[in-house]
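A short write-up of the structure that comes next.
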Amino acid sequence: MSKVILDACCGSRMCWFDKEHPAAVYMDCRELETELCDGRKLVIRPDVVGDFRAMPFADCSFRLVVFDPPHLRWCGEGSWMKAKYGQLNRETWQDDLRRGFAECFRVLMPHGVLVFKWNERQVKLNEVVKLAPMPPLFGQRAGKTHWLVFMKPMPEALEHPGMDEEQAQETVCALENVVHDLVHGKTHAPSQVLQSRDFDIE
Ligand SMILES: C[S@@+](CC[C@H](N)C(=O)[O-])C[C@H]1O[C@@H](n2cnc3c(N)ncnc32)[C@H](O)[C@@H]1O
């Protein structure tokens, strides 16, 4: 099975049923092996050590991306929460997450799916969803934890086979522009709509 799934910040892979899924690439910015205060082992051993703000993958590489970034702005230096979940940078977290979302969409194939997880214990989902370049399709909340599902758009023409040479060229350019804009943090129409209203999921 080829590697069609990316977990962009896998941590210890707690959310995976199969923690060695053959179709998945597990990425994290840390490698860590430690013991938590309750004696349990915490092992973070990604396939790829990388930064979700600048992923080491080509455009359009994956069908499914999982994005579960750190959600804590404040936590104790030696706390188990920090060991397990990492921590947001207090000054740059919004830009970091914006870049992370853009990278997720860049490495997704058109019509690829992004699954985003967020715990709003410290930062409301409203504040975070605005950093994505487009709105989610739907989501689910369990307590303070949200799961949102996005789909990377495809230029309309690509959905209709049988186009001539000129249309095909225009389509490729349009797709390149979407990817370029996402990488450089430019938003497209749906997210402008999103930013102008109060996004709330109950
Ligand atoms: C909420 S945890 C992920 C938990 C994981 N989904 C699980 O099921 O165990 C967030 C992870 O993001 C990682 N992380 C933080 N900043 C990152 C970055 N810039 N690039 C990649 N990973 C990052 C942290 O090391 C941490 O392991």
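Provide the gained length on full extension for the span CYS15 to SER2, in nm with one decimal, where the gain is 0.36 nm per separating residue minus the Cα-Cα distance.
2.6 nm
Note down the nm distance, to one decimal, between modelled labels 7 Å out along Cα→Cβ at ASP59 and at MET81.
If labels sit at ASP59 and MET81, their model points lie 4.0 nm apart.
Rank the residues HIS21, HIS146 as a footprinting-exposure proxy: fewest other Cβ atoms within 10 Å of their Cβ go first.
Fewest-to-most ranking of HIS21, HIS146: HIS21, HIS146.
For HIS111 and THR92, compute 0.36 nm times the residue count separating them, minus their Cα-Cα distance, and round to one decimal in nm.
3.9 nm
Give, in nm to one decimal, the length gained when the segment between ARG73 and LYS41 is fully stretched (0.36 nm per residue of separation minus the Cα-Cα distance).
Gain in length upon complete extension: 9.1 nm.
Once you've got the Cα coordinates, tell me which of LYS82/LYS152; LYS41/LYS144; LYS19/LYS117 are over 20 Å apart.
LYS82/LYS152; LYS41/LYS144, as the Cα separations exceed 20 Å there.
Bear in mind that the values in this text are calculations on the coordinates, not laboratory data. Fair warning: this is a prediction, and the values are worked out from it, not measured in the lab. Note that we place each Cβ from the backbone using ideal geometry, even for glycine, and neighbour counts take in every protein chain shown.
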